[in-house]
Amino acid sequence: MKVKGSVALVTGANRGLGLAFIKALLDAGASKVYAAARDPSKITIPGVQPVKLDITKPEEVAAAAKACGDVTLLINNAGIIQPKPFLAEASEDAIRANFDTNFFGTLSVSRAFAPVLRANGGGALVNVLSALSWLNMPMAGAYCASKSAAWALTNGIRNELRAQGTLVVGVHAAFIDTDMAKGVQAPKAKPEDVVAQTLKGIEEGREEVLADDISKKVKSELNIEKPIYIRAWGT
């Protein structure tokens, strides 16, 4: 599909990668850009339409889908990280929080907007995933598991939406230079580069975007017996 002339909705649009998405969509000629955030007052970019949306709240998801019935491009960018090992004391809350947003929140938005995309000709649905969909870091087990589940979700949604002509794109990157990764001691991709590759992938009809060298390396080594390990957070 063409980004120019599309009607896009970006979740988690108030900062970081989401902010880079809404700027790039405007520059690419999207006819309308809905910028969704838990606090829409933080959306200050001219030319976008702020939308109140906490993706973990079903009532807000339903309201957004009803209010934004012209969407042709959905970008599920909202996510959180609570870097907690699985076996750490009191880790269950962190595990549930990661899954509530990164898996169940993404599922909720995708389910709500699937009929909207169908009504508008199919369009595209983009899930921002991670290189950590394919491996596990000791200090971020809960996050890695949630992104692995989100990858499986993306593959499932792709199968279910193929009949209505919706392109489903999974975007994988390792560490991106945003607030989420500010404590990470590792190479980081620029948000603008990840966004540019994603929009290019949408226009080319690609189902997967590997947005940095780490993601490409991890994906290429999935069939190697030796486990892949990334050092970060000073570990």
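The values are calculated or read from the model by the stated rules, or taken from the named source; none is laboratory data. It should be emphasised that the depicted structure is a prediction, and the values quoted were computed from it without experimental measurement. As a convention, Cβ positions derive from the backbone with ideal geometry for all residues, glycine included, and neighbour counts pool all protein chains shown.
Checking each residue of the stretch 14-26 against the condition of being under 28 Å from Q164 (Cα atoms), without any contact (Cβ under 8 Å) to a residue 24 or more places away in the chain and among the small types (G, A, S) gives no match.
Looking across the stretch 68-82, the residues that are of a type outside the set (D, E, K, R) and either within 20 Å of L26 (Cα to Cα) or touching a Phe, Trp or Tyr at 6+ places or on another chain (Cβ under 6 Å) (or both) come down to C68, G69, V71, T72, L73, L74, I75, N76, N77, A78, I81. It is to be established whether one or more residues within the stretch 14-33 are of a type in the set (G, A, S) and touching a Pro at 6+ places or on another chain (Cβ under 7 Å). Yes: one or more hits. Taking the stretch 2-38 as the range and being over 13 Å from the mean Cα position of the chain (by Cα) and on the phi > 0 side of the Ramachandran plot as the test, the residues that pass are G5, G29. Just one of the numbered conditions (1) buried (at least 21 other Cβ atoms within 10 Å of the Cβ); (2) aromatic (F, W, Y); (3) over 23 Å from V209 (Cα atoms) is not true of F86: (1). Among residues of the stretch 114-126 that are surrounded by fewer than 23 Cβ atoms within 10 Å (Cβ to Cβ), those with a Cβ under 7 angstrom from a residue that is in a helix (DSSP H, G or I), sequence gap 6+ or separate chain, pair up as A114/L161; V116/A65; R118/Q164; G122/Q164. If I go through the stretch 1-15 residue by residue, how many of them are in a strand (DSSP E or B) and under 27 Å from F175 (Cα atoms)? Counting residues in the stretch 1-15 that are in a strand (DSSP E or B) and under 27 Å from F175 (Cα atoms) gives 3. Counting only helices (runs of 4 or more DSSP H) wholly contained in the stretch 57-168, the ones carrying 3 or more residues that are hydroxyl-bearing (S, T, Y) and under 26 Å from Y34 (Cβ atoms) occupy 106-119. Restricting attention to the stretch 16-56, the residues that are in a helix (DSSP H, G or I), surrounded by fewer than 23 Cβ atoms within 10 Å (Cβ to Cβ) and not basic (K, R) add up to 6. Assessment of the stretch 90-103 against the conditions (over 14 Å from I157 (Cβ atoms) and touching a Pro at 6+ places or on another chain (Cβ under 9 Å)) yields at least one matching residue.
Listed here are the residues, each with its yes/no results for (1) modelled with pLDDT of 85 or more; (2) farther than 25 Å from L167 by Cα; (3) out of contact with any Lys or Arg (no Cβ under 6 Å at 6 or more places or on another chain); (4) part of a helix (DSSP H, G or I).
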residue	(1), (2), (3), (4)
G183	no, yes, yes, no
P187	no, yes, yes, no
E192	yes, no, yes, yes
T198	yes, no, yes, yes
G201	yes, no, yes, yes
V209	yes, no, yes, no
V218	yes, no, yes, yes
I224	no, yes, yes, no
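Restrict the check to the stretch 42-55 and report whether at least one residue is closer than 25 Å to E203 by Cβ, in contact with a Pro (Cβ under 7 Å, 6 or more places away or on another chain) and among the small types (G, A, S). No.
For (1) polar (S, T, N, Q); (2) in contact with a helix residue (DSSP H, G or I) (Cβ under 8 Å, 6 or more places away or on another chain); (3) over 22 Å from R118 (Cβ atoms); (4) modelled with pLDDT of 95 or more, each residue gets a yes or a no:
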residue: A149; (1), (2), (3), (4): no, yes, yes, yes
residue: N155; (1), (2), (3), (4): yes, no, no, yes
residue: A163; (1), (2), (3), (4): no, no, no, yes
residue: V168; (1), (2), (3), (4): no, yes, no, yes
residue: I176; (1), (2), (3), (4): no, yes, yes, no
residue: S215; (1), (2), (3), (4): yes, yes, yes, no
